[in-house]
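Let me begin by presenting the structure, written as structure tokens, before commenting on it.
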């Protein structure tokens with residue numbers, strides 16, 4: 001029992017570290033994507049080319065993929081362990097026991113995973129030559145995708161769900177790492193809310209502007 005508990009705690013600790021690394025990456029990605037709002041495609045294409053060719057960035061890219069894999073794998077394992085620990089549903093759920101954000105983390109995370117697969121297919125696979133497209137002109141690729149209403153709606157839904165995921169994930173990560181207490185908890189909650197709103201809204205504004213003013 002103690003060994004199982006230690007294993008679960010260890011996985012949660014590693015998962016928290018991986019999640020925080022991913023949280024650092026999102027604002028960088030957003031900053032690059034905001035260049036799509038420029039009428040000149042050169043800044044965005046230059047940034048995309050730099051991210052695809054600079055040796056140090058390629059090392060970070062491999063680390064990012066590894067981090068995503070660890071975060072997803074441990075998230076699934078921990079959720080399964082949580083389900084197995086309570087095989088019989090409660091007649092009355094104690095709502096104070098766990099928040100709605102916590103209960104649905106596996107599902108919001110799953111929606112983000114689906115979006116990542118679509119995103120890789122539309123962009124990263126072009127860079128690898130697995131999908132037709134010009135890897136030196138991702139600006140045009142993005143603008144074409146954001147001209148499709150169905151893709152834009154899917155994009156918004158995924159980032160809405162990402163916001164819910166981020167809000168709980170950031171608080172959970174600080175708690176797991178032992179950085180949350182009664183004094184800092186309100187501060188961490190406020191930071192989590194700001195981050196969970198600002199980042200998804202920042203990403204969501206881009207296709208909206210392109211869609212309206214293309």
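Output the residue which, of all residues in the stretch 64-113 that are more than 20 Å from residue 158 (Cβ to Cβ), modelled with pLDDT of 75 or more and in contact with a helix residue (DSSP H, G or I) (Cβ under 8 Å, 6 or more places away or on another chain), is surrounded by the most Cβ atoms within 10 Å (Cβ to Cβ).
74
Considering (1) surrounded by 15 or more Cβ atoms within 10 Å (Cβ to Cβ); (2) without any contact (Cβ under 8 Å) to a residue 40 or more places away in the chain; (3) over 22 Å from the mean Cα position of the chain (by Cα); (4) at negative phi, say which one residue 133 fails and leave the rest.
For residue 133, the failing item is (4).
So residue 154 passes all but one of these: (1) in contact with a helix residue (DSSP H, G or I) (Cβ under 6 Å, 6 or more places away or on another chain); (2) at pLDDT 80 or above; (3) farther than 23 Å from residue 41 by Cα. Which condition number does it fail?
Failed condition: (1).
What's the total number of residues in the stretch 136-163 that are buried (at least 19 other Cβ atoms within 10 Å of the Cβ) and within 22 Å of residue 103 (Cβ to Cβ)?
The number of residues fulfilling the criteria is 5.
Which residues, counting only those in the stretch 175-197, are assigned to a helix (DSSP H, G or I), surrounded by 14 or more Cβ atoms within 10 Å (Cβ to Cβ) and without any contact (Cβ under 8 Å) to a residue 40 or more places away in the chain?
Listed by number, the residues that qualify are 175, 188, 189, 191, 192, 193, 196.
So, residue 36, is that one in a helix (DSSP H, G or I) and surrounded by 17 or more Cβ atoms within 10 Å (Cβ to Cβ) or not?
Judged against the criteria, residue 36 is a match.
The values are calculated or read from the model by the stated rules, or taken from the named source; none is laboratory data. On a predicted model such as this, the values are computed, not experimentally measured, just so you know. With ideal geometry, Cβ positions are generated from the backbone for all residues, glycine too; neighbour counts draw on all protein chains shown.
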